[in-house]
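One structure is given below, encoded as structure tokens.
The values are calculated or read from the model by the stated rules, or taken from the named source; none is laboratory data. All values reported here derive from a predicted model rather than from experimental measurement. Glycine also receives a Cβ, built like all others from the backbone with ideal geometry; neighbour counts cover every protein chain displayed.
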Amino acid sequence: MVKKMFTTEGPARLSVFFLAAAVLAAGTFACSGEEKPPAEVRAVVASPPSLEGEESHPEFSEGSDISGDFLWNTPDLPAGIQLKIDHIVVDQDILEGYLLPKWSSYASSQPLETPVEDLTRAYFADPEVVFYELVRAVVLLREAEARFPEIDAQDFAAYQMRLEGAAGAAKDSLLARYGAAGWTTYVERKFRLQLILDEYQKYATPVTEEELYAFYDSEILANLPEPEKREHIDISFRSMEPSLRANLMRGRAVDAQEEWLDGAILGVAVAAQLPAGLSHKWTITKLP
């Protein structure tokens, strides 16, 4: 039934039959709007993982994940990289935002004397692995844009305020890199992805009291901070129940997203232009 609700009709769809999904998912979004527990115990009510091994699915910019010092001490991302998914070029800011932290992390893990040419050749040796998560992310993003071409201005403004409040220094980094227009585009992408997550959450199976108590026992009571750090914090089940319920429901929406993406990427054609004039084309026919 959920699949019928999310069928995308019309010529704008990609070659596979898309269903709507959610990313930068509430495991993905820094500001999802749900009630949060106090900071000292927030970590143990962590958002469930979604796509991007990074807590979810790939972010579309490096944000605050990479420090200036870290980037300074690693080689620049090689030039000449382009990606097409179903014959449509992926925006350069999305491509670079996905690759930059991964490239920097890889380069920093290699011996300092390693030539950049060797780093590049080794890192891009298997493009199908390198770009897999990005393909998933872009497929999802395009579906979000197709399903929500128009967004409510008031809802978007409220979301942007929450996101900017949560972004902190990452916003300054994005503004410096992409400018005001680029920041707005970034927020719009995340907002549309949140809208799809909200749609999936509407049809998620309700959480039972038994599941809530089990989650409370395993994730809260079993991971309490030191007594002095929680002295003025109400960690009773009654107080934390809204956050626990929202977290579990969000996880179910993310699970639905994962299932959808597993099917949506099959048949997607990908073409990568790589450094040093190399290229690689493939069609995704199976999951890794």
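So the values come out like this:
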| item | result |
| --- | --- |
| Complete set of residues in segment 82-111 that are under 21 Å from ARG142 (Cβ atoms) and surrounded by 20 or more Cβ atoms within 10 Å (Cβ to Cβ) | LEU83, ILE85, VAL90, ILE94, LEU95, GLY97, TYR98, LEU99 |
| Scan of segment 94-122 for residues that are aromatic (Phe, Trp, Tyr) and within 25 Å of GLU259 (Cα to Cα), ordered by number | TYR98 |
| Enumeration of residues in segment 221-265 that are part of a loop (DSSP other than H, G, I, E, B) and surrounded by fewer than 14 Cβ atoms within 10 Å (Cβ to Cβ) | GLU226, GLU231, HIS232, ASP234, SER236 |
| Boolean, ARG162 is within 22 Å of ILE81 (Cα to Cα) and either at pLDDT below 95 or charged (D, E, K, R) (or both) | no |
| From the options SER236, SER279, residue that is free of Cβ contacts under 8 Å to residues at least 12 places away in the same chain and closer than 30 Å to LEU119 by Cα | SER279 |
| Residue count for segment 254-276, restricted to those that are β-branched (Val, Ile, Thr) and at pLDDT below 95 | 1 |
| Test for ALA222: is it within 30 Å of LEU100 (Cα to Cα), of a type in the set (A, V, I, L, M, F, W, C) and out of contact with any helix residue (DSSP H, G or I) (no Cβ under 7 Å at 6 or more places or on another chain) | no |
| Selection within segment 123-148 - outside any helix (DSSP H, G or I) and either touching a Cys at 6+ places or on another chain (Cβ under 8 Å) or within 25 Å of GLU258 (Cβ to Cβ) (or both) | ASP126, PHE131, PHE148 |
